[in-house]
1. Is there any pair with a first residue in the range 70-91 that is under 21 Å from I399 (Cβ atoms) and a second that is at pLDDT below 70 whose Cβ atoms are under 8 Å apart and which are 6 or more apart or on different chains, and what are they?
2. Which residues, taken from the range 188-222, are more than 17 Å from the chain's Cα centre (by Cα), open to solvent by less than 50 Å² (accessible area, probe 1.4 Å) and either under 27 Å from T371 (Cβ atoms) or not hydrophobic (A, V, I, L, M, F, W, C) (or both)?
3. Confirm whether R350 is open to solvent by 30 Å² or more (accessible area, probe 1.4 Å), assigned to a loop (DSSP other than H, G, I, E, B) and farther than 21 Å from V287 by Cβ.
4. What are the residues in the range 29-62 that are of a type in the set (A, V, I, L, M), closer than 30 Å to K317 by Cβ and surrounded by 15 or more Cβ atoms within 10 Å (Cβ to Cβ), if any?
5. Read through the list (1) open to solvent by 70 Å² or more (accessible area, probe 1.4 Å); (2) more than 17 Å from the chain's Cα centre (by Cα), then give the number of the only condition that M380 fails.
6. Answer yes or no as to whether N225 is out of contact with any strand residue (DSSP E or B) (no Cβ under 6 Å at 6 or more places or on another chain) and either in a loop (DSSP other than H, G, I, E, B) or on the phi < 0 side of the Ramachandran plot (or both).
7. Every residue in the range 223-232 that is over 19 Å from S166 (Cα atoms) and aliphatic (A, V, I, L, M), please.
8. Residues to consider are I107, I126; find the one that is closer than 23 Å to S392 by Cβ, touching an Asp or Glu at 6+ places or on another chain (Cβ under 7 Å), open to solvent by less than 40 Å² (accessible area, probe 1.4 Å) and in a strand (DSSP E or B).
Amino acid sequence: MCSKRKTCHGGPSQQEQGSPAIANEVFVIDEEVSHLTRLKSEPSERTRACLHAGKSHISTFKLLSSRESNRSGFGRFSSADCSYALRKHLPVRGPWCVDSMDCAAYISQFSSDGSLLIAGFRGGRIRIYNADKKWKIHKDINCKSLRWTVSDIALSPDQQYLAYSSLTPTVHIVNVQNALKQSHANITDIHEGLNFSAADDESSFGIFSIKFSKDGHELVVGNSNESICIYDLGANKVTERIHAHVADVNAVTFADESSDVLYSGSDDSLCKVWDRRCHKSAKPVGVLAGHLDGVTFIDSRGDGHYFISNCKDQTIKLWDIRKLSSATKDCTPKAYEWDYRWMTYPSEARFLKHSYDQSLATFRGHSVLRTLIRCYFSPMHSTGQRYIYTGSSDQCVYIYDVV
């Protein structure tokens, strides 16, 4: 669980600038999302005016002095002022080793408040670390009925329950806030199994993506059966099943707190938007094309408009669902045949662009190989979602400045 840090803008990384085609690429981003991001991550016009700063850089010292003397008249920092000060303090120390296991860690994610880090390992283990207590192990979980590895993990909004999946139709849920530090499936602890298969399924399938709804009452999964399934935890059954794509559904998430809208991404290269309030929920309300290979992950900005997707075409794309197309699109045929699990990405394919790219911006520089690499918006409360960060197969963590 060691990582490096690289900071990039939306263009090529330093390692790619030797390529003329990429080095000459001009980074372009939609003006609206750029403006909204700046509003949430830079000092307001009122703050700048009282400091006579104009468009110039404002030091943290000046911000603090202004707050203490109440120059703005608010007597406190605005959320944008906080984000501006805090985003100057991105992680720069390290990396250092938190834990060492005898098998690969395929998945890791923080809780929403950053207090817990959950890591899933190939050997059927999940460990939860308490970031506020010097990375002390909060819970050590031995998983049940895995096939090959833990494929995804999801923490409930109240941080009471953890759901984990594998390449099977069953998701298991375990209480991570009880007194037991060691959770061994059905020996020291109950790992309740939720079956997502249907009676007419001809064969077994694997689950690649799981997410809790914002109220914690539902789970949504994407699977190798080309489907999205929604499980009602209160009713203890699958309530919706959508044949969503023509290939594996690697990524699915709720758009916002309402849980009415879903985003999905697939190996068919398409991102789709689903509105559960529509009577014909078996059809997406729109399709977003622009990727040239399989989508590995999706993260919503939480505002019901924007989301990002990571892809095997070695890019992250930023999307606005208000710009989607209602017309059904076929998946984009691969220009080059390759397998991301063991091959390097064809160098010739890096220069290709989709002829009908609907994305707002493209971020490139990281490497999406060997596993379904994740990407996330940085936290709203500390950075105003100014950044996008992603893992990479070159053993680095990349941080992109959205604007």
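The values are calculated or read from the model by the stated rules, or taken from the named source; none is laboratory data. Note that this is a predicted model, so its numbers are computed, not measured. Glycine also receives a Cβ, built like all others from the backbone with ideal geometry; neighbour counts cover every protein chain displayed. Areas reflect the complete protein model, heavy atoms only, side chains present, ligands, DNA and RNA absent. Shrake-Rupley method; radii C 1.70, N 1.55, O 1.52, S 1.80 Å.
1. Cβ pairs passing all conditions: L90/R5; L90/T7; P91/R5.
2. Within the range 188-222, D189, H191, G193, L194, F196, S197, D201, F205, G206, G216, E218 meet the criteria.
3. Taking the combined requirement at face value, the residue does not satisfy it.
4. Within the range 29-62, I29, V33, L36 meet the criteria.
5. Of everything listed in (1) open to solvent by 70 Å² or more (accessible area, probe 1.4 Å); (2) more than 17 Å from the chain's Cα centre (by Cα), M380 misses just condition (2).
6. On the way: out of contact with any strand residue (DSSP E or B) (no Cβ under 6 Å at 6 or more places or on another chain): yes; either in a loop (DSSP other than H, G, I, E, B) or on the phi < 0 side of the Ramachandran plot (or both): yes.
So N225 passes the test.
7. none
8. None of the others qualify; the one that does is I107.
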